[in-house]
Amino acid sequence: MMAFFQGIEFAHPYYLLLLLLIIPVAAWRYFFRKKLQASLTVPTVTAFEKTGNTWRVRFRWLPLCLLVLAYLALIVALARPQSSFRLSDVEVEGVDIVLALDISGSMKAMDFRPNRLEACKKVAEEFILGRSTDRIGLVVYAGEAYTQCPVTSDHSTLLGLLKKVKFDIIEDGTAIGDGLGTAVNRLRESEAKSKIIILLSDGVNNSGYLDPYSAAEIAKNMNIKVYTIGAGTNGQAPYPTPYGNQMMNTEIDERLLQTIAHETGGKYFRATSNDKLKAVYEEIDKMEKTILNETIYENKADAFFPFLLVGVLLFICYGLLKYTIFRINP
């Protein structure tokens, strides 16, 4: 019965309020039931003690039950139940994203826990997990740049390659231009309407072959938006050395990062702690939402006739039983 009512709507649901009339009618019949039955006063019932109840007596409740069911069915039919079928057509318009991650030696600084690189990897992992419908790639750079993972929808593979990112796998330095240029090249053949790069650096461009401003110009011409992040505390940060942790100066070319973001329509962020870095990625996630286009097809069909038919048949049965077999008044 419950399965039948799934997907059922009522065109005139206010008629269902008539079902409440059953309560006062039932109360009236209960309190005045003796007056509704014929009675005979006799001096003694001894003569009736050995007579048992006939089947008519045992089933005298049947006509009333049929009447109540008929009433319920007719009221439901009056409310005009309708079956509803809906079909949703969802079109997903994803975003192609490349994460450009600085892995230079200065990323070993421990102003982030446990260090800048590991903190960035952790936040990037959470960001990737939250973008299930997008294609994402990974570029790492230091003195030079290379593609750790091309743009892909296989996020499990991407996360595995992200975990393998470590120091000293390429020549040290900070080639921001090469890192940005490599990320732009990963999106060169992308057909996505929205293409973005998230470029993180904690230093000053001091190596590489491609000028960062030229790389930004290329990104702009390809309609690629670049969000830049400057990672590191203001002033000094602890840095591990063979002689223990030593304080090192934090120097970030914020002007360069701001210019890259401004020229490409992106935004520059400064992250000075794990929490602020996480907040930066969360803000970017909100600004670059995947587009969902949903079309709903709906078809309705009347389903009142079965209730009407059942109600009429029950009412006929009630009349036949009430005034024939279960007739109580002569």
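The values are calculated or read from the model by the stated rules, or taken from the named source; none is laboratory data. All values reported here derive from a predicted model rather than from experimental measurement. For neighbour counting, all protein chains shown are included, and Cβ atoms are generated from backbone atoms with ideal geometry for every residue, glycine included. The protein model used for the area step is the full one, side chains on, heavy atoms only, and it has no ligands, DNA or RNA in it. Shrake-Rupley method; radii C 1.70, N 1.55, O 1.52, S 1.80 Å.
Amide H to amide H, with H built 1.01 Å from N, residue 248 comes under 5 Å of 237, 239, counting only residues 5 or more places away or on other chains. Here the extension length gained between residue 133 and residue 163 equals 8.7 nm, from 0.36 nm per residue of separation less the Cα-Cα distance. The listed residues 60, 186, once ranked by accessible area (1.4 Å probe) with the largest placed first, stand as 60, 186.
For residue 220 and residue 10, compute 0.36 nm times the residue count separating them, minus their Cα-Cα distance, and round to one decimal in nm. My answer for the length gained is 70.0 nm.
Of 260, 23, the residue with the largest accessible area leads and the full order is 23, 260 (1.4 Å probe).
Computed over the alpha-carbon pairs of segment 105-185, the distance histogram in 5 Å steps reads 3, 15, 23, 25, 22, 10, 2 percent, short to long.
Database remark: amide H of residue 10 closer than 5 angstrom to the amide H of 82 (H placed geometrically; neighbours at sequence offset of 5 or more, or on other chains; Pro and chain starts carry no H). Applied to segment 19-28, the Karplus parametrisation 6.51 cos²θ - 1.76 cosθ + 1.60 on θ = phi - 60° returns per-residue 3J(HN,Hα) values of 5, 5, 5, 4, 5, x, 5, 5, 5, 5 Hz, with x for Gly and Pro. Under the simplified labelling scheme, the residue 283-residue 113 pair shows an inter-label distance of 2.3 nm, with each label point 7 Å from Cα along Cα→Cβ. Rounded to whole numbers, the Karplus 3J(HN,Hα) couplings from phi for segment 193-208 are 6, 10, 10, 9, 10, 10, 9, 10, 9, 10, x, 10, 4, 9, 7, x Hz, using 6.51 cos²θ - 1.76 cosθ + 1.60 with θ = phi - 60°, and x at Gly and Pro.
Modelled label positions at residue 276 and residue 317, each set 7 Å beyond Cα in the direction of Cβ, lie 7.8 nm from each other. Close amide H pairs (under 5 Å, H built 1.01 Å from N) link residue 194 with 96, residues at least 5 positions away or on another chain. Taking a point 7 Å out from the Cα of residue 209 in the direction of its Cβ, the residues of segment 145-180 whose backbone N falls within less than 19 Å of it are 145-148, 170-180. Residue 323 contributes an accessible area of around 150 Å² to the protein surface, as traced by a 1.4 Å probe with all chains present. Per-residue Karplus couplings for segment 277-288, computed as 6.51 cos²θ - 1.76 cosθ + 1.60 with θ equal to phi - 60°, are listed in order as 5, 4, 5, 5, 5, 5, 5, 5, 4, 6, 6, 10 Hz, Gly and Pro entered as x. Full extension of the chain between residue 234 and residue 262 gives 7.9 nm of extra length, using 0.36 nm per residue less the Cα-Cα distance.
For residue 199, the accessible surface of its heavy atoms amounts to roughly 0 Å² (probe 1.4 Å, protein chains only, rounded to the nearest 10).
Going by accessible surface with a 1.4 Å probe and the largest first, 324, 259 read 324, 259.
For the cross-link pairs 121/278; 122/289; 108/163, which exceed 19 Å when the distance is taken from alpha carbon to alpha carbon? Beyond 19 Å between Cα atoms: 122/289.
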